[in-house]
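Undergrad: Dropping a structure here in structure tokens format, bear with me for questions.
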Amino acid sequence: MENYREQVKADCEQILGRFQEKDSVRFQVFATIWREMNFSHIFYGAVKREGRAFVRLILDTAYGYFLPPFSFQIRVGGLYLLYSLYQCQTNARRKQIRVALKDWDVVKKFEKDAVDAQHVDAVYILRRLMFLKAFHFTAMPTLLDYQKRRNVVKSTFCENFMDRSSHLPEIINTELLEELSNVHTMYTELKSSVFPPPQQTDSSVDLIHRDMVPQLLSTVKDFYKWRQRKDTRTAEAKDSGEGTSSGQESSKRARLIASIKSKAYGEAAEASKSRRHRQVEVNFSSSEAGPSFKPVYTRINRPSLKARTKDNVHIISKVWKDATGTTNVSRLTSLELDRAEIKSLRENSK
Amino acid sequence: MAAASKQNTDSTVNIPDYEETNVNSKPFHVDSFRNEWLRRLKPGDWSHQHEDEDTFDANFAEDMGVSAETMAELKAVCSVDSLRCHPKDQQPDTDVVPPDPRLSTLIQRKKKQDYRASLKITKNRHDLYADELERLTVGGQPETEEDKLPEGEVILTINVYYPASFAKFNYIRPHTSLLMTGSHTLAELRDAICCVSDLQVLGEFSGTPDMAPDFISKELYKSAFFFFEGVFYNDTRFPECKDMSMTIIEWAKARNFPPYSQAVMEDTRLVDLKLKVGFPYLYCHQGDCEHLVIVTDVRLTHETDCLNKKLYPLLIHKHRISTQKCAVCHVFIGRWLTTKDRLAPSDPCLFCDKCFRMLHYDAEGNKLGDFLAYSFVDRGAFN
Ligand SMILES: [Zn+2]
Ligand SMILES: [Zn+2]
């Protein structure tokens, strides 16, 4: 089976890539792609022992996409892929999907996120798999026999599938910046109390950078800028569409949030959140109904650096504190920053 | 060291994770691992019984707050029908690769099948035999409630490798795979391991060929041990059993190795073990016949498992070894090995029982000429 590994991975990534292009988390959308690709055929021609080994291989491969570090949308796709593969396998005796104990908490968190965002179909598919007893509850994701894989191909999972927004905000957030700023102020005060006034300006005892917090923040912002520039044109269009439209701050932010979410959670998230307490009407007819911010390919009118910087701060705070209100945002933006210095730094870095 | 970490109450230590990615896990206690799973799941999740379909639907609708109509629509959208890649009234032949495949996997499979067809190889015996084993593992409904595999039990897949002297099999390391439940003891694992060295008959029997098969090594030399995570598990079921591990433990102590400890094989259930999945451990018997033992999988039981407890340990894979045939008839498997034998074409020489007796004894059973005869047990004896 080793010599099918690459092909199986390529096929899985192709179907998930096409699912990602649709910018959706609907099962209906996934099923359409599945039929277009004739994906059920993947089992055809593998019979008996070979067939059994093949089912094992492809289920184990697909399982990987159901877990972090992939984005929520890819993980939904991974779940649908597992379900579809499980249902369409052609062997008389079905093979189960192996789920490892260490991954279970992540799976439950995924379920909770899907419930909170009212992705009814994703929740249904997951619970359906449980109902069908499609899982083996295992120690490890695959069978292990101390066999070093020959010519190991380093797992180069499609970089586009990754949830890239998630890591940096986990490390650098408002709390950290505030804390750091406090410590820094205390340190400076302490230092100045030790030295007589004339020596305060002596830079030879400056062990850490004087403007550490603003600099850290600006570095993070620079990183986000760079990444966004690197990101798809779609994102760029979204970004610049921002500044041109309505001048109202709140609606601007709402749309920004929507666009971020549509990337992270697929289009249905925003709508379902707002109607979480109402009777739910699930719209299965996918994309056109999606309330997400659609990219508009109009004249690219770049907003000022200041505006863009501000927008990016929103992005940072929004991603790490999805549920909370605007408090963090305002706290972060109201930090005393030396804007002139940020500007000069950025100029230098260019 | 083993004792110290057993005391560790931190539950995460028994959530297995990789020690080396895709190769083996860190050590964990099997029963604690099982409890971690049971703690996280609802009894229905590990039950061998199915929930009622309507109950499932009703619970889901209520939980998610969806109407009956939405529920019906949801079921239709998520049905297997929506994944069908062929017209409804046509049943495709799933045994062949469809024409003009576009999926990379199918292109590869077609290539391989075309190549194989060009070689004109028919299905080999191994495939046939594997299918046979597969069938065996399915059936066997328990007759009594007591024979039923309990829900929430763990199943371990254990590979036992043939002694390393089979140097030529480097690619496919020959082994047997067994399924065992957590309540089995290591002694039961030992009894399930078939090794030809247990069947060897020691001694020269040219004078009394009828005596030979009565004593086999398994009965003569009963000592054996398993080695898992710094612990030697000795078989002490019979008074003749000797503690083979003490020598090693003392040897290791004298050389400043980490301390090893001892335990009793027949008192140790598999759930009591602390082990790494995927890691090679040792089974030693007949003094120096050493087998690698790898637990390749530990998981909760599933409704599709063989639910008859009596059929475990369950053999799910067996490597077939080519047998050595009689030098005279080339038909039957060798049973006797002779040396210093003037009647034989080679020295040593292998004979089946029939040819051996016809050539070496007269009608009254008298030995003809000088030779030495030893009982021979083929490696493929368990095929
Ligand atoms: Zn042996
Ligand atoms: Zn013969």
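The values are calculated or read from the model by the stated rules, or taken from the named source; none is laboratory data. The structure presented is a predicted model; accordingly, all values stated were derived computationally and were not measured. Counting neighbours? That spans all protein chains shown, and the Cβs are built from the backbone with ideal geometry, glycine included. Note: areas computed on protein heavy atoms with side chains; ligands, DNA, RNA excluded. Shrake-Rupley method; radii C 1.70, N 1.55, O 1.52, S 1.80 Å.
Undergrad: I want to confirm something. Restricting to the stretch B:43-69 and keeping residues that are within 9 Å of chain A (Cβ to nearest Cβ) and not in a helix (DSSP H, G or I), which single residue is farthest from the chain's Cα centre (by Cα)?
TA: B:SER67
Undergrad: Being outside any strand (DSSP E or B), open to solvent by 40 Å² or more (accessible area, probe 1.4 Å) and at pLDDT 95 or above is the filter here, so list the residues in the stretch B:253-273 that pass it.
TA: B:GLU266, B:ASP267, B:ASP272
Undergrad: Something else about it: For the stretch B:30-42: of the residues being more than 8 Å from chain A (Cβ to nearest Cβ) and in a helix (DSSP H, G or I), which is least open to solvent (accessible area, probe 1.4 Å)?
TA: Only one residue fits best here, namely B:VAL30.
Undergrad: Can you tell me which residue in the stretch B:272-318 is nearest to B:ARG34 (Cα to Cα), limited to those that are of a type in the set (Lys, Arg) and away from ligand 1 (no atom under 16 Å from the Cβ)?
TA: By that ranking, first place goes to B:ARG299.
Undergrad: Can you go through B:THR323, B:THR338, B:THR301 and tell me which one is of a type outside the set (Asp, Glu), touching a Gly at 6+ places or on another chain (Cβ under 7 Å) and in contact (Cβ under 8 Å) with a residue 60 or more places away in the chain?
TA: B:THR323
Undergrad: Cβ-Cβ below 9 Å, separation at least six or inter-chain, first residue in the stretch B:341-362 and of a type in the set (Asp, Glu), second within 10 Å of ligand 2 (Cβ to nearest atom) and open to solvent by less than 10 Å² (accessible area, probe 1.4 Å): which pairs?
TA: Filtered contacts from the stretch B:341-362: B:ASP353/B:CYS326; B:ASP353/B:TRP336.
Undergrad: Scan the stretch A:136-151 for residues that are more than 8 Å from chain B (Cβ to nearest Cβ) and at pLDDT 95 or above and jot them down.
TA: Answer for the stretch A:136-151, where residues must be more than 8 Å from chain B (Cβ to nearest Cβ) and at pLDDT 95 or above: just A:PRO141.
Undergrad: (1) open to solvent by 10 Å² or more (accessible area, probe 1.4 Å); (2) within 11 Å of chain B (Cβ to nearest Cβ); (3) part of a helix (DSSP H, G or I); (4) in contact (Cβ under 8 Å) with a residue 24 or more places away in the chain: which one isn't true of A:ASP113, the others all being true?
TA: Only one criterion in (1) open to solvent by 10 Å² or more (accessible area, probe 1.4 Å); (2) within 11 Å of chain B (Cβ to nearest Cβ); (3) part of a helix (DSSP H, G or I); (4) in contact (Cβ under 8 Å) with a residue 24 or more places away in the chain is unmet by A:ASP113, namely (2).
Undergrad: Looking at B:ASN308 and the list (1) out of contact with any His (no Cβ under 8 Å at 6 or more places or on another chain); (2) within 27 Å of B:TYR221 (Cβ to Cβ); (3) more than 11 Å from chain A (Cβ to nearest Cβ), which single condition is not satisfied?
TA: Failing condition for B:ASN308: (2).
Undergrad: Still on this model: Search the stretch B:274-285 for residues being outside any strand (DSSP E or B) and open to solvent by less than 10 Å² (accessible area, probe 1.4 Å), and hand back the single one that is nearest to ligand 2 (Cβ to nearest atom).
TA: Here the answer is B:GLY278.
Undergrad: Being surrounded by 15 or more Cβ atoms within 10 Å (Cβ to Cβ) and near ligand 2 (Cβ under 10 Å from one of its atoms) is the filter here; which residues of the stretch B:303-338 pass it?
TA: B:LYS325, B:CYS326, B:ALA327, B:VAL328, B:PHE332, B:ILE333, B:GLY334, B:ARG335, B:TRP336 - these are the residues of the stretch B:303-338 that are surrounded by 15 or more Cβ atoms within 10 Å (Cβ to Cβ) and near ligand 2 (Cβ under 10 Å from one of its atoms).
Undergrad: Any residue that is out of contact with any Phe, Trp or Tyr (no Cβ under 7 Å at 6 or more places or on another chain), at pLDDT below 90 and charged (D, E, K, R) - is there at least one of those in the stretch B:276-288?
TA: Looking through the stretch B:276-288, at least one residue is out of contact with any Phe, Trp or Tyr (no Cβ under 7 Å at 6 or more places or on another chain), at pLDDT below 90 and charged (D, E, K, R).
Undergrad: As an exercise: evaluate A:ALA53 against (1) more than 16 Å from B:THR105 (Cβ to Cβ); (2) more than 9 Å from every other protein chain (Cβ to nearest Cβ) and give the number of the one condition it does not meet.
TA: With respect to (1) more than 16 Å from B:THR105 (Cβ to Cβ); (2) more than 9 Å from every other protein chain (Cβ to nearest Cβ), A:ALA53 is out only on (1).
Undergrad: Kindly indicate whether any position in the stretch A:20-35 is over 21 Å from B:VAL77 (Cα atoms) and free of Cβ contacts under 8 Å to residues at least 60 places away in the same chain.
TA: The answer is no, given that none of the residues of the stretch A:20-35 is over 21 Å from B:VAL77 (Cα atoms) and free of Cβ contacts under 8 Å to residues at least 60 places away in the same chain.
Undergrad: Which members of the stretch A:95-110 meet the condition of being crowded, with 16+ Cβ neighbours inside 10 Å and more than 16 Å from A:TYR65 (Cβ to Cβ)?
TA: Residues satisfying the conditions are A:LYS95, A:GLN96, A:LEU101, A:LYS102, A:TRP104.
Undergrad: Run down B:PRO87, B:PRO92 and say which single residue is out of contact with any helix residue (DSSP H, G or I) (no Cβ under 6 Å at 6 or more places or on another chain), closer than 18 Å to A:GLN89 by Cα and facing another protein chain (nearest Cβ under 8 Å).
TA: Exactly one residue qualifies, and that residue is B:PRO92.
Undergrad: So B:ASN234 clears everything in (1) open to solvent by less than 50 Å² (accessible area, probe 1.4 Å); (2) closer than 18 Å to B:ILE158 by Cβ except one condition, right? Which one?
TA: Among (1) open to solvent by less than 50 Å² (accessible area, probe 1.4 Å); (2) closer than 18 Å to B:ILE158 by Cβ, B:ASN234 violates only (2).
Undergrad: Of B:ASP288, B:ASP347, B:ASP341, which residue is away from chain A (no Cβ under 14 Å) and within 16 Å of ligand 2 (Cβ to nearest atom)?
TA: When all the criteria are applied, what remains is B:ASP341.
Undergrad: Is it true that A:GLY77 is closer than 28 Å to B:LYS112 by Cα and of a type in the set (Gly, Ala, Ser)?
TA: Answer is no for this residue.
Undergrad: Please verify whether A:LYS154 is modelled with pLDDT under 80, at the interface with chain B (Cβ under 8 Å from one of its Cβ atoms) and either touching a Pro at 6+ places or on another chain (Cβ under 7 Å) or not in a helix (DSSP H, G or I) (or both), treating the condition exactly as stated.
TA: no
Undergrad: Among the listed residues A:LEU176, A:LEU168, identify the single one that is modelled with pLDDT of 80 or more and either open to solvent by 60 Å² or more (accessible area, probe 1.4 Å) or in a helix (DSSP H, G or I) (or both).
TA: Only one candidate passes the filter, namely A:LEU176.
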